[in-house]
Structure formats: structure tokens, C-alpha cells
Amino acid sequence: MKVRYKLVIERRDGIVRAHGSVTGRHSALHPLWLTPDATLHLKDARLLAVSLTDLVGDTAEFESTEPVARG
């Protein structure tokens, strides 16, 4: 599934974390929202382990579930 995402990467308590939003078809995002863990494939080929925390229409909010690796 192709999506658009907005990604914020920040250091919290010495750990690099990410959060943001992802926009795509609601019917494709809904099963991911119900699943505790998902993987966001970034344009630069990195993978980001995330959990969708909110889903409204075609936009979902997410948080990383693991520290973010340097790219």
C-alpha cells in the first residue's frame, strides 16, 4: 500500500524516537490500526517499527515502537 507520511524524529531521554502521521486509504489503514505493530517503509529504504495510535478518516497517527536507527 502506498501512503504519504509526515515523520518527526527526536531524542527523548537519550533515545531517538519517531512519531507522525500517515495518509492512505482508510480501508487499508484500518487493519494496521487494529494490529499492535506495523512497519513503515521509508523513501530512503529504511524500515521503521510503528504502532498506529489514532485513525480518523484517511489519516492515522503513529509512534515508533523501537529506537530509530541512524540513516
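Residues in segment 17-30 carry Karplus couplings, in order, of 10, 9, 8, x, 9, 10, 10, x, 6, 4, 5, 8, 6, 4 Hz; the curve used is 6.51 cos²θ - 1.76 cosθ + 1.60 with θ = phi - 60°, and Gly or Pro positions show x.
Between I15 and T53, the distance separating the two model label sites (each 7 Å from Cα on the Cα→Cβ line) works out to 1.3 nm. The convex hull defined by the C-alpha atoms of segment 8-71 has an orientation-averaged projected area of 4.3 nm². To put it simply, the accessible area of the chain at a 1.4 Å probe is 52 percent carbon and sulfur.
The H on the amide N of V50, modeled in the peptide plane, is under 5 Å from the matching H of A38, T39, L40, T65, each at least 5 residues off or on a different chain.
Note on segment 1-44: the alpha carbon radius of gyration divided by the globular reference 2.2 N^0.38 Å gives 1.31. Per residue, the solvent-accessible area of the chain (1.4 Å probe, heavy atoms of protein chains only, all protein chains present) comes to 70 Å². The mean sequence separation of alpha-carbon pairs under 8 Å and at least six residues apart, normalised by the residue count of the chain, gives a relative contact order of 31 percent.
Tell me the mean residue ellipticity at 222 nm calculated for the chain from its helices only (DSSP H runs of n ≥ 4, each -39500 (n - 2.57), averaged over every residue, nearest 500). Counting only the DSSP helices, I get -3500 deg cm²/dmol. Only the Cβ atoms of Lys and Arg (+1) and of Asp and Glu (-1) were treated as charged; on that basis the dipole of the chain about its Cα centre amounts to roughly 320 debye.
Relative to the current alpha-carbon distance between T39 and V8, full extension at 0.36 nm per residue lengthens the span by 9.6 nm.
The values are calculated or read from the model by the stated rules, or taken from the named source; none is laboratory data. What you see is a predicted model, and the numbers here were worked out from it, not measured in a lab. Using ideal geometry, Cβ is built from the backbone for each residue, glycine included, and neighbour counts are taken over all protein chains shown. We work out accessible area using only protein heavy atoms, side chains counted, and drop any ligands, DNA or RNA first. Shrake-Rupley method; radii C 1.70, N 1.55, O 1.52, S 1.80 Å.
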